[in-house]
Amino acid sequence: MTRALIIGSGIAGPVLAVALKKVGIDAVIYERGSRDDDRRGAWISFQANGMDALRAVGLAEPIEDIGYPVDDIGFVNGKGRSLGRLPMAARRPDGQTSVMMPRVDLYNALADQATERGVAVEYGKEFVSADYTTDGVRARFADGSTAEGDFLVGADGIHSRVRTAIDPEAAPPRYVPVLNTGGYIPGLTVDAPDREFVMQFGTRAFFAWMNTPDGGTVWFSNPPMKDEPAKGVLSGMSDEDWRGWLRELMAGDAGPAEVILDRAPAPLTGWTTYDMPVVKNWHDARGRMVLIGDAAHATAPSAGQGAAMSLEDAVILTQCLRDCPDTTSAFETFVSLRRERVEKIVEHGRRGSAQKAAGPIGRVIRDLMLPLIFRRAARDDGRSMMWLQGHHIDFEQPVVPVTPVLQK
Ligand SMILES: Cc1cc2nc3c(=O)[nH]c(=O)nc-3n(C[C@H](O)[C@H](O)[C@H](O)COP(=O)(O)OP(=O)(O)OC[C@H]3O[C@@H](n4cnc5c(N)ncnc54)[C@H](O)[C@@H]3O)c2cc1C
């Protein structure tokens, strides 16, 4: 039986393992962290196309069980004036909407689903390098152990080591000029419509909140930061530093930022944001290693699509492995089906982040333009979102292999 080595038990890794099982490929997942590690970005939402990819391989229900549906995003400016509202579900025939959930629950649920289907998930295994065997590939881990398989998939996120194993010259992630902070506050509800994430283009920072059905509030903020902070600067900031800075940024703006910052559990922390616009080589020339998810094409969180893209990748790569004559052809076919879409979404995320970090003149233009854009989106009844959220995968549908072209 064909054996796959999957590096990373984030979002793409376990879903790929489950999908591969369906087509008769055995997989083992190697994860450098431990099961209940804290995850950056405490909450995450899967837009409708991400849920669609999960449904294609029978994983939508368990994830809906741990999440909350989100119908709309409402945008307001610093004064609290509405700039418009975007439906979170394009006019999909199946009516699928977005689902939001705690990130740690999501990672554990996906890993559990894989384990229940007989996939081994090995924690504490940090991939460091790979070499070729006579008819496959060998992964080497930081603890000195190795594992052999027919092919290896890098689902190891934006700072992927598999990416550099495939191409040592691969470009590094690109800095996006907004930071991230946020979390969940139990026992606090704020003024917001049900099932709506409210996002505020504040005078000095972007701030967002949503009530959860269990009586809590999810929130995040993206303070602008033009230049990438030096190593250690953010980790050196205390809870007090974060709270004080965010209060200053949000001072004078309408909305619940103040109460959220008073009630958010300590310690507040924050992270830099990156994206991965173009990764030249998604796979090696021998057809033994391939990248999926953020390792191949990370989008800034502003797009709210990184996870959904990873899920689409996992399912479509599996179809390619099922329907193509060999792994090289499968990887080429996978790239041909995915590259254009994901790179368009990375640029979409970049533009969203630029709006969050707009200067005084940019803010005026943005606040004039956004209502027009949202009005147009409302008039076309979600059709303008179909390219993004309307994506549908029919898992049984065969893919047509492209002729393999060796990479330079
Ligand atoms: C603050 C924030 C908020 C976000 N919000 C959203 C959102 O709401 N919606 C959305 O769609 N996307 C969102 N994203 C993007 C989303 O998190 C990513 O696109 C998604 O997690 C990518 O999935 P992945 O499986 O490719 O990588 P990851 O989820 O990053 O998983 C990679 C896994 O590989 C492991 N790993 C890394 N290196 C190694 C190694 N050398 N050896 C072994 N294991 C390794 C990691 O520990 C991790 O478990 C957000 C991102 C951030 C930073």
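The values are calculated or read from the model by the stated rules, or taken from the named source; none is laboratory data. Quick caveat, the model's predicted, so the values are computed rather than measured. Here the Cβ is made from the backbone with ideal geometry for all residues, glycine too, and neighbour counts use every protein chain on show. Ligands, DNA and RNA are excluded from the accessible area calculation, which covers all protein heavy atoms including side chains. Shrake-Rupley method; radii C 1.70, N 1.55, O 1.52, S 1.80 Å.
A few points about this structure:
- For the residues T115, T97, T146, the requirement of being more than 15 Å from P14 (Cβ to Cβ), at pLDDT 95 or above and of a type in the set (V, I, T) singles out T146.
- One residue stands out in region 81-99 among those that are among the hydroxyl-bearing types (S, T, Y) and part of a strand (DSSP E or B): the one that is nearest to T217 (Cα to Cα), namely S98.
- Hits in region 169-195 - residues which are within 15 Å of the ligand (Cβ to nearest atom) and either more than 24 Å from T97 (Cα to Cα) or not small (G, A, S) (or both): A170, P172, P173, R174, Y175, V176, P177, V178, L179, N180, T181, Y184
- So T164, is it part of a helix (DSSP H, G or I) and open to solvent by 40 Å² or more (accessible area, probe 1.4 Å): yes
- Of all the numbered requirements in (1) in a loop (DSSP other than H, G, I, E, B); (2) in contact (Cβ under 8 Å) with a residue 60 or more places away in the chain, G144 misses one, and that requirement is (2).
- Residue that is nearest to Y175 (Cα to Cα), among those in region 292-302 that are more than 6 Å from the ligand (Cβ to nearest atom) and open to solvent by 10 Å² or more (accessible area, probe 1.4 Å): T299
- Residues of region 100-137 that turn out to be within 10 Å of the ligand (Cβ to nearest atom), part of a strand (DSSP E or B) and surrounded by 16 or more Cβ atoms within 10 Å (Cβ to Cβ), as a count: 3
- Selection of first residues in region 312-332 that are modelled with pLDDT of 95 or more and of second residues that are open to solvent by 30 Å² or more (accessible area, probe 1.4 Å) and of a type in the set (A, V, I, L, M), restricted to Cβ pairs under 7 Å at least 6 apart or on distinct chains, gives the following pairs, ordered by first then second residue: I316/L337; T318/V23; L321/V23; R322/V23; E332/V402; E332/V405.
Here's the yes/no breakdown for (1) assigned to a helix (DSSP H, G or I); (2) over 17 Å from the mean Cα position of the chain (by Cα); (3) within 12 Å of the ligand (Cβ to nearest atom):
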site: Y274; (1), (2), (3): no, no, yes
site: K280; (1), (2), (3): no, yes, no
site: R286; (1), (2), (3): no, yes, no
site: A308; (1), (2), (3): yes, no, yes
site: E312; (1), (2), (3): yes, no, yes
site: C320; (1), (2), (3): yes, yes, no
site: P325; (1), (2), (3): no, yes, no
site: S329; (1), (2), (3): yes, yes, no
site: R341; (1), (2), (3): yes, no, no
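- Some residue of region 47-61 being open to solvent by 10 Å² or more (accessible area, probe 1.4 Å), within 8 Å of the ligand (Cβ to nearest atom) and of a type outside the set (A, V, I, L, M, F, W, C): yes
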